[in-house]
Amino acid sequence: AGTGYDVVADLVGDGAELAPLLGYGGTIVTTLGRPDLSRVAPFTFSPTAVEIALGAVYPCGTSEQRHDLGQHLGRLLDEMAASRLVGPPFSQVQLAELPAAWQQKVDGSGAAKLVATF
């Protein structure tokens, strides 16, 4: 509807350049640091920034805290590898099919969760 995206995931940057694509209350997900939202006018679209520290690579906290985070991540990956973690059901669609899949979701006939791939 031209109101912006609910979620923007930036896996190669910090998300700042993609922030204008968000709709009101949208979420930016990054893996390479926190987005610099200083260029975004305050209270214009109320973004939420989610920073994912893959492999506990950020030099923050103590060495013990980073080690603990790495241990938790290792256990989580073990659970995933053993198929003991079950996520919610989803439908995987090509990016070009996303508008139609979203409309089906809105109409109640589509999947509750959508994952768009390129």
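The values are calculated or read from the model by the stated rules, or taken from the named source; none is laboratory data. Everything numeric in this text was worked out from a predicted model, so none of it was measured. With ligands, DNA and RNA removed, areas are computed over all heavy atoms of the protein, side chains included. Shrake-Rupley method; radii C 1.70, N 1.55, O 1.52, S 1.80 Å.
Overview of values
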read-out: Exposure of Asp14 as accessible area (Å², to 10), given a probe of 1.4 Å and all protein chains; value: 50
read-out: Protein-only accessible surface order, largest first, of Val115, Val86, Val40 at 1.4 Å; value: Val86, Val115, Val40
read-out: Heavy atoms of Lys113: accessible area, 1.4 Å probe, square angstrom to 10; value: 110
